[in-house]
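K.L.:
Pasting in a structure now, in structure tokens, and then I'll have a few things to ask.
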Amino acid sequence: MAEMPQWVERFVLLYFSGPDGRTKVPEVFPAHHAYTLDFQAARPGELLLTGPFAEPVEGQPGAMNVFTSREAAEQFAASDPFITEGVVASWTVRSWLTSPE
């Protein structure tokens with residue numbers, strides 16, 4: 001009988017843009033990028049991946065960030081300039097089970 005895999009839990013922060021959110025990206029990106037670098041320096045290893053989806057799809061998330069804990073994802077979202085400055089209209093955190101490496 002095959003043994004069940006031991007999943008690794010990660011937490012995906014999904015960003016949904018509002019109607020004019022994408023137009024604000026060039027203005028807000030420098031602050032968002034600096035915030036991301038500061039977060040990574042203050043909390044090494046907690047933010048694993050970050051970035052936009054290459055092809056925007058209406059009604060779908062426009063970007064995602066992968067964290068090691070729900071707390072880290074929620075704390076990141078709480079002060080991210082993309083959220084505080086209105087680039088992101090809403091966000092959610094989802095648990096994601098990945099295969100072990």
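K.L.:
One residue is enough: does segment 69-81 have a residue meeting the conditions closer than 18 Å to Ala31 by Cα, in a loop (DSSP other than H, G, I, E, B) and modelled with pLDDT of 95 or more?
P.N.:
Yes; the residues of segment 69-81 include at least one that is closer than 18 Å to Ala31 by Cα, in a loop (DSSP other than H, G, I, E, B) and modelled with pLDDT of 95 or more.
K.L.:
Somewhere in segment 10-21, is a residue touching a Ser or Thr at 6+ places or on another chain (Cβ under 7 Å) and not in a strand (DSSP E or B)?
P.N.:
no
K.L.:
Of the conditions (1) among the small types (Gly, Ala, Ser); (2) more than 16 Å from the chain's Cα centre (by Cα); (3) within 16 Å of Ser90 (Cα to Cα), Ala41 clears all except one; give me its number.
P.N.:
Going through the list (1) among the small types (Gly, Ala, Ser); (2) more than 16 Å from the chain's Cα centre (by Cα); (3) within 16 Å of Ser90 (Cα to Cα), Ala41 breaks only (3).
Yes/no matrix, rows are residues, columns are (1) more than 18 Å from Glu101 (Cα to Cα); (2) at pLDDT below 95:
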position	(1), (2)
Trp7	no, yes
Tyr15	yes, no
Pro19	yes, yes
Phe29	yes, no
Gln40	yes, no
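K.L.:
Quick check on segment 15-38: of everything there that is among the aromatic types (Phe, Trp, Tyr) and closer than 16 Å to Ala89 by Cα, which residue is surrounded by the most Cβ atoms within 10 Å (Cβ to Cβ)?
P.N.:
Tyr15
K.L.:
Six or more apart or on different chains, Cβ under 6 Å: which pairs go from a residue in segment 55-76 that's under 14 Å from Tyr15 (Cα atoms) to one that's surrounded by fewer than 19 Cβ atoms within 10 Å (Cβ to Cβ) and basic (Lys, Arg)? Could you list them?
P.N.:
Taking only residues 6 or more apart or on different chains, the pairs are Val66/Arg10.
The values are calculated or read from the model by the stated rules, or taken from the named source; none is laboratory data. In this text the structure is predicted, and so the values were computed from the model without any measurement. For neighbour counting, all protein chains shown are included, and Cβ atoms are generated from backbone atoms with ideal geometry for every residue, glycine included.
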